[in-house]
Every structure is written in C-alpha cells, then in structure tokens.
Amino acid sequence: DGGITQSPKYLFRKEGQNVTLSCEQNLNHDAMYWYRQDPGQGLRLIYYSQIVNDFQKGDIAEGYSVSREKKESFPLTVTSAQKNPTAFYLCASSIIPSTRGQPQHFGDGTRLSIL
Amino acid sequence: QKEVEQDPGPLSVPEGAIVSLNCTYSNSAFQYFMWYRQYSRKGPELLMYTYSSGNKEDGRFTAQVDKSSKYISLFIRDSQPSDSATYLCAIGAVGYSTLTFGKGTMLLVSP
C-alpha cells in the first residue's frame, strides 16, 4: 500500500543532543513537508521541499534542519538550538500543485519529548 | 487578522445528530479547500477536497464552499461515536505548494 512512514513513533531527546526524525513516502510525490503540532496551535510549517536537493524554510525553521537527497525521503533534524522541541511532528507529501492545487497526505507522526 | 479562523470547540453532540463544522478565511486568492480528520495520536486524514463554490457530497459528509462570503463548511449526517476526532480545514491558492490550516475543531459524539 502507498503511504507515508514516519519513524520512530516516540523519541526522547537529552539536553544538547541533535535528533533526526525519519519520513519516507512511496506515493511518488514530488513535494514533502514537515509540520509541528502543539496543543491549541494547529499545524505550523517547519520546512518543505518541492524537488530533490532543494528545500525552503517554513514559518518556524529556527532550530531545525532538513535534507532531500532522495525523492522518497525527507528527514528532519531537531538541533540543540531548538529550545522547546517537545511536540508532535508530522510529515506530509503532495503532487506539485498545478493549475488545480493538490492536497497533502500525512504520516502518523513522531512524538518528541525532552528527557 | 488570521488567514483562517476555526472554532476550537469542543463540540459535543449526541449520536445521530447533524454536525456543522466551519472555517472562515480572509484571502480571496484562496481557491482550493480541504477537510481533514485527525484522531488522537494520528496524522490528519484527507476527508474532502474541493476547488469550486458549491456542495460536494461523499457518503455522510458534505463540504460546502461560499467564496463570496469566504466561508467553508463540513456537514456530517447521522454522526457516530467513531466520528469523534479533531477536524481541520486547509486552504490553498493555485500554484502554491503550501497550505494554510485552521487550528482544528474537536468533535465529541456521545452514544
């Protein structure tokens, strides 16, 4: 079945540590996205990528980094510079919007907590 | 003014009720509209996608778009306890990769 796989489901970070969240899709989508979801805040865009080896900052990119070396994969690194990383992280993908725009499809998220 | 406004709820209804969920938006460039359902500790699941004004029906779900009023709605008929979830609206403009999401409305359907 086609879909988006995020791993791990739960992740714990120690102070000063970088952690990487995995996102893989087999939908053959060109665009991929990372969101952070906090209670009462809705979805906030961290980074997105429309093509391999290219990505753009979203609304809250500080303290995060990404790479897009393969079409299927878009890992997110939460660096030690992100002082409040505890949140639910969601990865999404879509066909590049054309004249009629395309919806995004989501994985089941990674919950990151501070130790 | 926020680009997309959505009442956070919670909205509590008895089983079998008709539910109305709504979003308003401010940018007239928005042209396509989505509704997502999100269960606790899960990712959002696409329920409805529409590009034009008017109604779109899928089973118990009807999406309605009124571009003149910048107002979108999702109606759920014969609501079930399994419909208990958070419902997110998402809105986008043609040619743009990013969507603007509402903060979500929590729906609770009691048996």
- Item | Distance between modelled label sites at B:Glu45 and B:Met106, nm, 7 Å Cα→Cβ extension | 2.0
- Work out, in µm²/s and without decimals, the Stokes-Einstein translational diffusion coefficient of chain A at 20 °C, 1.002 mPa s, Rh from Kirkwood over C-alpha pairs. 151
- Positive minus negative residues near A:Asp38 (Lys, Arg vs Asp, Glu; Cβ under 11 Å): +3
- Message: List the residues, sorted by chain then number, that are 5 or more residues from B:Ser84 or on another chain and whose placed amide H is less than 5 Å from its amide H.
- Response: B:Val109
- About its Cα centre, what dipole magnitude does chain B give when the only charges are +1 on Lys and Arg Cβ and -1 on Asp and Glu Cβ, stated in debye to the nearest 20? 220
- Which whole number in µm²/s is D for the stretch B:50-89 by Stokes-Einstein, with the Kirkwood Rh taken over Cα pairs at 10 °C and 1.306 mPa s? 142
- Rounded to two decimals, the Rg over Rh value of the stretch A:1-47 from Cα coordinates and the Kirkwood Rh reads 1.01
- Item | In sequence order, calculated HN-Hα J values of the stretch B:29-35 (Karplus, 6.51, -1.76, 1.60; Hz; x Gly/Pro) | 6, 5, 9, 9, 9, 9, 10
- Item | Potential lengthening between A:Asn84 and A:Ile60 on full extension [0.36 nm per residue; Cα-Cα distance subtracted] | 7.5 nm
- Message: Name the residue from A:Ile51, A:Gln41, A:Asn28 whose Cα lies farthest towards the positive end of the charge dipole of the stretch A:1-88, charges +1 on Cβ of Lys and Arg and -1 on Cβ of Asp and Glu.
- Response: A:Gln41
- Using the C-alpha gyration tensor of chain B, what are the square roots of 5 times its eigenvalues, in whole angstrom, with the largest one first? 23, 14, 12
- Task: Rounded to the nearest Å, what's the spacing between the alpha carbon centres of the stretch A:10-52 and the stretch B:13-44? Just the number, please.
- Result: 22
- Query: Listed here are the pairs A:Lys83/B:Lys42; A:Lys57/B:Lys70; B:Lys70/B:Lys103; A:Lys14/A:Lys71; which of them are more than 23 Å apart at the Cα?
  - Reply: A:Lys83/B:Lys42; A:Lys57/B:Lys70; A:Lys14/A:Lys71
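Rg to Rh for the stretch B:3-55: what is it, with Cα atoms only and Rh by Kirkwood?
Rg divided by Rh gives 0.98.
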- Surface/4 of the Cα convex hull for the stretch B:27-72, nm²: 3.8
- Task: Apply the Debye scattering formula to the protein assembly as shown, with a single equal point scatterer on each alpha-carbon and no solvent, then give log10 I(q)/I(0) at q = 0.15 Å⁻¹.
- Result: -1.01
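Where a number appears in this text, it was derived from the coordinates with a stated rule and is not lab data. A quick note: this is a predicted structure, and the numbers were derived from the prediction, not measured. No Cβ is skipped: glycine too gets one built from the backbone with ideal geometry, and neighbour counts run over all protein chains shown.
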